[in-house]
Amino acid sequence: MSTQPPTVSDKLAPDRNFDDISARFRKTIYDTPKGQLRLAALRQDFADLKIALPNARVLDLGGGQGQFALELARQGAAIHLCDISETMLTQAKHSFAADNLPLNSACCSLQSASDRFPGQFDLVLNHAVLEWLEQPYDALQAITSKVATNGWLSLMFYNRHGHQWRQIMNGRTHAPDGSNDRLRQEGNAPQHPLDPDKVMDKLQAGGFDIVRWRGIRCIHDHMHQKIRDRIGQPAVNQADLEFGLQDPYRLFGRYIHVMARRTTR
């Protein structure tokens, strides 16, 4: 019996590259209240856990424009950063250069990062990347392999529960788990929201302790814009940072941030 060659539809789509929408990302995410809220949540987690940054070796996998990595560099961390988008990487280089801070960067996928950044690191960052990958859990193994014993992993990913809740609140009661084909090709909607229980189970099975996790934009995204305008963005942010650490509210965050420490290899 003859075997037909695989068609295009049988093959995995390539992982998302943001060369085409990097400017839109800065405008619609990083320079908006929701982007600032994301950074505020990261700052709070790092401060509360007293993550030691001076002289720490930090690997930012899929680091994009390097906003948070730059903040860590300002506190004395040595930053190594990769991204598959040359445009994003160029913006990160410009930001570090403007602060006269060193950046060891490479244009490559996180799956091939070991070739460019050998060994393990004191801290590994992976923020809002997994949900764009066609094989996110395979990539998770590549990410965790770069964390040294007693080192930290800062992992942020698009939350399946928050995504579905938002779809239901918008009347799409039978919406798919991920984005549709049009958004996958044209927009900036992540295609593979992840189940936080599954992610954390895999981390624990891989020798990590979950020290802290939170929901990000668990209040902001589900509050009407008119109400956000009335009470003011600082009040919205304060509520989000507070309830983002509490059950059941954190489960509705648009993103989940996990701080995990490797205890065994």
**OP:** Kindly provide the set of residues from region 41-82 that are acidic (Asp, Glu) and either touching a residue at least 60 places away in the same chain (Cβ under 8 Å) or farther than 25 Å from Ser109 by Cα (or both), ordered by number.
**Re:** Asp45, Asp48, Asp60
**OP:** Specify which of the listed residues (His163, His127) is touching a residue at least 24 places away in the same chain (Cβ under 8 Å) and over 18 Å from Lys202 (Cβ atoms).
**Re:** His163
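For the structure I just gave you, tell me whether Asp10 is within 25 Å of His192 (Cα to Cα), modelled with pLDDT under 95 and either surrounded by 14 or more Cβ atoms within 10 Å (Cβ to Cβ) or in contact with a Pro (Cβ under 6 Å, 6 or more places away or on another chain) (or both).
Here the answer is no, as Asp10 does not meet what is asked.
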Subject >> Close pairs from region 247-265: first without any contact (Cβ under 8 Å) to a residue 60 or more places away in the chain, partner assigned to a loop (DSSP other than H, G, I, E, B), Cβ under 6 Å, at least 6 apart >> reply: Tyr249/Cys218; Arg250/Cys218; Arg250/Gly244
Subject >> Residues located in region 199-223, provided they are farther than 30 Å from Ala235 by Cα, touching a residue at least 40 places away in the same chain (Cβ under 8 Å) and either of a type in the set (D, E, K, R) or in a loop (DSSP other than H, G, I, E, B) (or both) >> reply: Lys202, Gly206, Gly207, Asp209
Original post:
In this structure, is Phe68 touching a strand residue (DSSP E or B) at 6+ places or on another chain (Cβ under 9 Å) and over 30 Å from Arg228 (Cα atoms)?
Top reply: no
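A quick yes/no check of all residues on (1) surrounded by 12 or more Cβ atoms within 10 Å (Cβ to Cβ); (2) closer than 20 Å to Leu140 by Cβ:
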site: Phe208; (1), (2): yes, yes
site: Arg230; (1), (2): no, no
site: Phe243; (1), (2): yes, no
site: Pro248; (1), (2): no, no
site: Phe252; (1), (2): yes, no
site: Tyr255; (1), (2): yes, yes
site: Arg262; (1), (2): yes, yes
Original post:
Any residue in region 242-264 that is among the charged types (D, E, K, R) and in contact with a Cys (Cβ under 9 Å, 6 or more places away or on another chain)?
Top reply: yes
Subject >> Any hit, region 156-178, residues being in contact with a His (Cβ under 7 Å, 6 or more places away or on another chain), within 28 Å of Ala69 (Cβ to Cβ), modelled with pLDDT of 95 or more and of a type outside the set (Asp, Glu) >> reply: yes
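The values are calculated or read from the model by the stated rules, or taken from the named source; none is laboratory data. From a predicted model like this one, the values you see are computed outputs, not experimental measurements. A quick note on method: Cβ atoms are made from the backbone with ideal geometry, for glycine too, and the neighbour counts reach across all protein chains shown.
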